[in-house]
Structure formats: structure tokens, C-alpha cells
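Q: To start, I am sharing the structure in question, which I have written as C-alpha cells.
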Amino acid sequence: MEVADVFNTTNHGGGGGGKRKRDGTISTFTAANDAVDLSLLEAVEKSQSAAADVVLDVKTLKKLVLSFERRLRDNLAARLKHPNQPDKFADSEVDLHDDLQKLKVLAGAPELYPDLVGLDAIPSILNLLAHDNTDIAIAVVQLLQDLTDEDVLEDNDEPARVLVDALIENNVLELLVQNLHRLSDSDPDEMAAVYNTLATIENLIEVKPPAAEMVCERTRLVKWLLGKIKVREFDSNKQYASEILAILLQSSAANQKKVGQMNGVDVLLQAVAMYKSRDPKSSDEAEMLENLFDCLCCLLMPLENKERFVKAEGVELMIIIMKQKKSAYGSAVRALDFAMTKYPPACERFVDVLGLKTAFAAFMGNVILNVPSVSARGRAFEWRCFGCPDSNPLFISTDFTIWKKWGKRDPRHTLRYMSSVHWVAPLMLIPVNKRNKKERYQEELEERLVSLIASLFGGILRGSRRERLLSKFVENECEKIDRLMELYMRYSDRVKVETERLDSLEFDDLEMDEEEKYNRKLESGLYTLQLIAVILGHLWCSENSQMRARIELLLKQQKLTKDHIKDILQEYHDNIGDIDGLEEKERAQSKIQKFISSF
């Protein structure tokens, strides 16, 4: 996939390169005998043909809104006069739907959105989401999806903001979710409306990120999403539900806590457990599985959800998935890394259920895996503050565009993204071909395992569990130390090459300061190198003579000294951030200084 393809990709399921578009046709209105009303289809075709010839300006907009308001009044009057005689208000329903279809032409002129809001048409349109005829509500959903489509709103930030603000002020989130609960997946048109509802919610969040918390506070959307994820059968809407849940969780601690309180950790564990011994049957299903793990990793950021994960035997499940060596293997390692970061009980459980054997088998490269096939759209973007020791990612995002926005929003933090498909750094995207895809997947797995082992050392400080962890580096003639030093040299060489490249460049025009240089080195592998140095620090501080001798021997073979490791640790020490508070920063720096002194 080319860079341009990634930026233009908005597909959530069902294949294809863009968001799935559905025809704006209404389901055939059925009277008492359920006969097909061909006149309705003809009316829709005529309205669509007429819409193509409309000249879009304020005058045309006013005509469209006035006509719509008149059709709405006629329909309400007919329904009030003949509540039990559908044939008496069927014609007015067709006319109303016809005018809703005509309003879709406004998607071609987003600059008119402020005028649409000024004409006070938004409340009337949104109220139809509660219309007794679900076909009318479905037409409104289609209209909203078209008006808020990502391609339509691109380069129209101000009109988009005005429209979205008006929609939210008039309870669009509540009305969309209420309507969602009455739609059925057994009806093709309603199933399409479910998809369009989720697409509209995503579009609203993209324009107004705080809407992610609003929709969780004000509606029962999370309950609906969790219910959808529970269903065993796979379909495009289950896939999209998993993606929307990931978007809601990606950057909101409030949502993470709320979903955790709603038994979300257990629901997601049950959902991924279906793939512990089998692979997804399609790339779309594989994408959904990755979305589920993205959700799980987001949930594992608050401390209370880590506790729920351990109590629900999530550690055991992830180890089982690893043992089965299916496509979810790498995702299970990632979930364990999240669970064990700054949470000793998860580290202790991992050791107690014999996870060390499974983890170190992978660390030694003794596991043969199939690389999962997942599109770039379906992969989450993981953002980690590399200046903060043992940090969780700041958030996980399935929205590709957010990496650009977030990096600009808070430049104090160094951000990067790793996936099985692309390596994304701030303002940089490097696509890889299929041959390199497997190598990149294995490399990411190595980096995740290094992080996991560092978390184990940080969470298990004493006792028999600590001894069991340390003993892994002594067995088989210290082969784990050999592997660790192999990775140390590989990442050291990579960082050295990047440092030399940066030093050779002229930065007058690029405005690259020392902090930016450091960020670039982190992106090239310095962070993983720092974690390896931290692990070596733990091993050295154990004062085991066999391990110390092995480390010194391997350094000597590479014509290096302990000062090389000390320099890596010192750079890490000097760049530790204070995102977790000054006390945590001082504690972390004190730990690293202890390693430096011991060397």
C-alpha cells in the first residue's frame, strides 16, 4: 500500500478502499397486504435524478428546507388524523422521504452548513430519528452520514465544526443511539443503517473529539457495542463495533474506567478467547480481532482494570493463546505487556502460572509464527511517551489521521507508532513490502518481549519469583544473556547509524534541535536499546558472578566496555519525563542511577 492510499483509506469493513457507501433508497413501504409499492421506488429515482441538477447556493438551500418543513408538517398532520390507516399517510411519507433525499445534495456544498444551521432545520431533521416509520429514520441516518462524511468535511473545518456543534446541541448522539437499539441485523436495510449510524458517530468524534466522552456519558452506546461484540457470529457490523469501541477508548481515561465498570474487560476476554485455538477466516475478521485487542490494551491502562484483568484470569488466557501459536500470538504478548506495566500482581501471576517458559521461548526466537494479514486501516496507532520509564502508551488510535494532530497538540512528548504493516513516526510514514512485512512483525514482537521482560524485572523485586526470573538468564550456559546481548548490539548499531546520519545533515532549514534529534534516535530503536540496558542493569545488580562474567565476556568480544551500557543508561536517566509526577520521576531516576553506579 502506498502512502497516499493509507491517508485516503477510510474503510471499516466489507472490503474496498473507502468507507462503504450504500444507496440512499428507502425500503419499500408495505401496506396491509405487504405488496411492493413501485411508485415509491420511482419517486426515489426521480428525486435522485433531480438532485444531480440542483445549483447549490443559499437560495436553493432555503427552498429545500422550506419544502422539507412543509412535507414534515403534512406527514405529521396525516398521521394524527389517520393513526390507524397507513394507506392514508403513505403518500405523505413518500414525499417526506423524497425531500430528505434532496437534502443529501448539501454534502456537495459543506460551505452552506452554517446557513443550514441558521435556518433552524437541524432539530426537525433529528426529531425524525424517532419517527414511527423506521424507513424515515434510516433516511435521516443516511443523510447525517453523508453530511458528516470525512471526504466531505476535509478542508472545511469551520463549516464542519458549526454543523457538528449544532447536531450535538440538538441531541444527535442520544437520538442516534436510541434509534440504533430498534434496528435489526436480520433486515438488510436496517443492518446498513446500523453501519451508517456507527459511521456518523465516528465522523462526529473526528470533528469534535470530546464527543467520544459525551456519547459514553449520555447514551447506552457502550452497552450496545459490548452486546454486539459478545455475538459469536462475525459480520461487518461486529467488526465496525469493535473499531468504534477502540476509538471511544483510545484517548479517554474516563471511558476506559466506565467500560471497565461495565464488565468490559471480561467481555473482551471472552471475545478474543474464541481465537485462542483458531485463526480468523478472513482479513476483515483478522482486523476485528486486532481491534478487540486494541480495546483490551486501552482498558488495561487504568490500574483498576489491570486488577479486573488478573481476576478474570486474563494472564492465563494470554499464555494459552501464546502456546497455541495462532495469529493472535503477538497481540497476546502486547496485552500482557500492558497488564504487567507498573502492576506487580500481574507480574507475579505471570510467573506463578509458568508464563516465563512461554515468554522466553519466544524471546529466544524458538517460535514459528504466521504473520497476521491485517489492513493498515484496521491497525491501531500506539503512542508512547518515550521520556517516561515503563510507561503505557498515551493512547491507542485506530484513526490514522490522529497521529498528525496529536504530535502537534503536545510536542513535549515523543510519539511513535508500531504495527505489523507500517512504522509511523511523527510526520513520517514508511510503507514496507510483503517480504519485509514478516521481518517487521518479528522485530515488533522482539521489542514487545523486551518490554515485557523489563516489566517483569520492574514488578518483581524480591523473593522466589525474582530468583526464578533471574535463573532464566543462567540456564543453558547463559543463552538468554547471549540473546540479550545480540539484540543489544543490533539496536546499538542501528542507533549509531541514525546518529551519524543526523550529525551529517544540515539542519538550518529543518529547524531540528537536540530534542528532535533525540526523538529521531528513539524512533530508530533507542528506546528498545534503553530497555535492554535496564534489563542488563537488573542482571548486574543481582551480583551473580556467572551472569556478570558472561556480560563482560560478550562486551569484550564486541570490543566494548561497561561504559557503553552506562552511557545508554545515563542518556535514559537524563531524559526521563515527569508525566507521572516529580516523585515518580525521581524514583525512576534513582533506580537508573543505581544501575549506573553498579556498573
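Q: For region 266-315, what is one quarter of the convex hull surface built on the Cα atoms, given in nm²?
A: Across all orientations, region 266-315 yields a mean hull projection of 3.3 nm².
Q: Rank these residues by their accessible area, most exposed first, probe 1.4 Å: S327, S504.
A: S504, S327
Q: Quick check on region 510-599: what does the Kirkwood estimate of hydrodynamic radius come out to from the alpha carbon pairs, in Å? Could you put the intermediate results ahead of the total?
A: On the way: mean 1/r = 0.0701 Å⁻¹.
Hydrodynamic radius (Kirkwood, Cα pairs) of region 510-599 is 14.3 Å.
Q: Taking 7 Å along the Cα-to-C-beta vector as the label spot, tell me the E543-K208 distance in nanometres, rounded to one decimal.
A: 6.3 nm
Q: Stretched out fully, how many nm does the piece from E217 to E439 gain, at 0.36 nm a residue minus the Cα gap?
A: That works out to 75.7 nm of additional length.
Q: Grab the beta carbon distance between L76 and D187, set R0 = 25 Å, and tell me the FRET efficiency rounded to 0.05.
A: So the FRET efficiency works out to roughly 0.50.
Q: If you average the C-alpha positions of region 105-167 and of region 476-490 separately, how far apart do those two centres end up, in angstrom?
A: 59 Å
Q: In addition: Could you work out the local net charge near Q558, counting Lys and Arg as +1, Asp and Glu as -1, over the other residues with Cβ closer than 14 Å to its Cβ? Mind dumping the intermediate values first?
A: Details: positive: R490, K496, R550, K556, K559, K562; negative: D482, E486, D493, E552, D563.
Local net charge: +1.
Q: Work from the charge dipole of region 93-198 (Cβ charges, +1 for Lys and Arg, -1 for Asp and Glu, about the Cα centre) and give the residue of L128, Q101, Q142 farthest towards its positive end.
A: L128
Q: Each label point is 7 Å from the Cα along the Cα-to-Cβ direction; what then is the distance between the points at E111 and R490, in nm?
A: Here the answer is 5.5 nm between the modelled labels.
Q: Pulled fully out, how much extra length does the chain show between E516 and I320, if you take 0.36 nm times their separation in residues and subtract their Cα-Cα distance? Show your work: numbers first, answer last.
A: Details: separation 196, 0.36 × 196 = 70.56 nm, distance 4.12 nm.
Full-extension gain reported as 66.4 nm.
Q: Still on this structure: Taking the Cα-to-Cβ direction at L461 and at R232 and moving 7 Å from each Cα, how far apart do the two end points lie in nm?
A: 4.7 nm
Q: Normalized C-alpha radius of gyration of region 220-357, against 2.2 N^0.38 Å?
A: That works out to 0.97 for region 220-357.
Q: When a/c is below 1.5 the answer is rounded, else prolate if a/b is larger than b/c, else oblate, so apply that to region 162-260 with a ≥ b ≥ c taken from the square roots of the Cα gyration tensor eigenvalues.
A: Verdict is oblate for region 162-260.
Q: Could you run the Debye sum over the Cα atoms of region 210-281, one equal point scatterer each and no solvent, and tell me log10 of I(q)/I(0) at q = 0.11, 0.13, 0.22, 0.25 Å⁻¹, two decimals?
A: Taken in order of the listed q values, log10 I(q)/I(0) reads -0.27, -0.37, -0.98, -1.20.
Q: Return the Rg/Rh value of region 278-371, two decimal places, where both radii are evaluated on C-alpha atoms and Rh is the Kirkwood radius.
A: 0.97
Q: Heavy-atom accessible area of M288 with all protein chains present, probe 1.4 Å, nearest 10 Å²?
A: Per-residue accessible area (M288): approximately 0 Å².
The values are calculated or read from the model by the stated rules, or taken from the named source; none is laboratory data. Because the structure is predicted, anything quoted here is derived from the model rather than measured. Because the Cβ atoms are built from the backbone with ideal geometry, glycine has one as well, and the counts that use them run over all protein chains shown. Quick note on the areas: whole protein, heavy atoms, side chains included, nothing else; ligands and nucleic acids left out. Shrake-Rupley method; radii C 1.70, N 1.55, O 1.52, S 1.80 Å.
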